[in-house]
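The values are calculated or read from the model by the stated rules, or taken from the named source; none is laboratory data. Here the structure is a predicted model, which means the values were calculated and not measured. Ideal geometry is used to build each Cβ from the backbone, glycine not excepted, and the neighbour counts take in all protein chains shown. Ligands, DNA and RNA are stripped out before the accessible areas are found, and what is left, the full protein with its side chains, is counted by its heavy atoms. Shrake-Rupley method; radii C 1.70, N 1.55, O 1.52, S 1.80 Å.
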Amino acid sequence: MSKIDRVLRSNLKLRHLQLLVALDQFRHLGRASEFLSVTQPAVSKTLAEIERMFGQPLFERSTRGTEPTAAGASVVRFARSVLAGYERTRDEIAAQASGASGRTSVGAMVAATPVLLAQAVERLKARSRDTTVLIEEGDLTRLLPKLRLGELDLFVGRLEPGYASPDLETEALYADPMVAVVRPDHPLARKRRATWADLAAQPCVLPPPWASLRVKLEQQFFAHGLHPPADIVESASFLSQITFLHQRGAVAFMARTVARHWAAQGMLAVVRLPVPIELPPVGLITLRGQAITPVTAALVECLHEVAR
């Protein structure tokens with residue numbers, strides 16, 4: 001057995017792993033010590049102990065803080081994966097001991113949260129109210145690394161083809177086209193047939209420049225001989241969309257199922273204008289080859305029922 005094997009299999013303790021993850025998260029010895037409720041000298045001593053095990057530095061120290069070395073980044077990834085497995089096993093055993101039904105962690109995009117995921121969780125709770133579902137919102141760039149590390153059990157959202165990978169199992173559930181939305185008292189909410197020129201004259205909430213949807217929306221304006229709106233706020237946040245819809249009378253774009261859900265609540269109105277943009281379907285992503293827990297399997301079954 002090599003030295004690295006011996007360190008990873010036998011020498012590293014849970015407290016070592018927690019320290020490495022905290023240092024990577026905060027990039028500062030003092031803030032990591034506060035988070036772990038230990039003294040800063042104790043953090044420095046434990047980090048030095050870990051580095052002696054590996055025989056090389058794992059973090060560069062400077063007046064600005066700490067930065068993982070290449071080896072340190074690899075060990076941090078290992079630490080996050082082990083801790084995620086530890087937490088999942090701990091929660092499952094605790095749930096069985098207490099008679100509860102377990103816990104699952106889901107990464108979700110806004111396109112899936114208020115309708116698909118919310119209704120699936122409601123069905124799951126109807127069958128087992130003590131089941132806990134942790135939901136973390138974000139996009140694929142933020143959530144897929146957590147799925148790969150085992151910090152999430154499942155992803156629910158748009159299956160962007162650019163993120164396809166051999167280590168990921170994907171399943172499309174349904175298509176969900178884009179619509180334009182405004183606040184209920186906006187003039188465009190009452191217009192029988194809006195145009196792209198109407199939208200170009202309004203303040204808009206658009207996705208960030210790096211988002212593929214942003215490019216597709218701008219192409220629609222150009223296709224109608226128009227420049228995209230000049231008065232814009234850039235955000236992928238649903239909360240930002242709703243805020244600027246109401247505060248600035250802005251136009252925003254969102255998935256049709258989400259828009260119809262909030263329109264039924266009286267929060268917004270769907271603009272009568274086709275938005276002919278091809279979008280990836282909404283679906284599920286899991287890690288290929290990794291068995292899902294019974295509670296995650298039950299949630300997936302509920303997601304299938306809602307999607308049908």
Looking only at region 224-235, decide whether some residue is over 18 Å from Pro177 (Cβ atoms), assigned to a strand (DSSP E or B) and acidic (Asp, Glu).
yes
Leu299 passes all but one of the listed conditions (1) under 15 Å from Asp176 (Cβ atoms); (2) open to solvent by less than 50 Å² (accessible area, probe 1.4 Å); (3) not basic (Lys, Arg); the exception is number (1)
Of the residues that make up region 181-192, is at least one more than 11 Å from the chain's Cα centre (by Cα), crowded, with 20+ Cβ neighbours inside 10 Å, of a type outside the set (Lys, Arg) and assigned to a helix (DSSP H, G or I)?
yes
Step by step: first the residues of region 143-158, then only those that are open to solvent by 30 Å² or more (accessible area, probe 1.4 Å) and in contact (Cβ under 8 Å) with a residue 12 or more places away in the chain, then the one that is nearest to Phe78 (Cα to Cα). Which residue is that?
Leu149
From the option list Pro208, Pro203, single residue qualifying as more than 22 Å from His261 (Cα to Cα), touching an Asp or Glu at 6+ places or on another chain (Cβ under 7 Å) and modelled with pLDDT of 95 or more is Pro203
Under the condition of being without any contact (Cβ under 8 Å) to a residue 40 or more places away in the chain and of a type in the set (Lys, Arg), which residue from region 16-75 is nearest to Ser2 (Cα to Cα)?
Arg52
Can you pull out the residues in region 225-255 that are charged (D, E, K, R) and either over 20 Å from the mean Cα position of the chain (by Cα) or surrounded by 18 or more Cβ atoms within 10 Å (Cβ to Cβ) (or both)?
Asp231, Arg248
Could you check Val270 against (1) free of Cβ contacts under 8 Å to residues at least 60 places away in the same chain; (2) out of contact with any Asp or Glu (no Cβ under 8 Å at 6 or more places or on another chain); (3) more than 26 Å from Phe155 (Cα to Cα); (4) of a type outside the set (Ser, Thr, Tyr) and say which number it fails?
(1)
Members of region 237-258 that are under 17 Å from Ala118 (Cβ atoms) and in contact (Cβ under 8 Å) with a residue 24 or more places away in the chain
Phe238, Ile242, Met254, Ala255, Arg256, Thr257, Val258
Being farther than 24 Å from Val115 by Cβ and not acidic (Asp, Glu) narrows it down to one of His227, His261, so name that one.
His227
Taking Ile285 as the residue in question, decide whether it is touching a Ser or Thr at 6+ places or on another chain (Cβ under 8 Å), surrounded by fewer than 18 Cβ atoms within 10 Å (Cβ to Cβ), touching a residue at least 60 places away in the same chain (Cβ under 8 Å) and within 22 Å of Leu117 (Cβ to Cβ).
no
Would you mind finding the one in Val38, Val7, Val82 that is open to solvent by less than 20 Å² (accessible area, probe 1.4 Å), aliphatic (A, V, I, L, M) and not in a strand (DSSP E or B)?
Val7
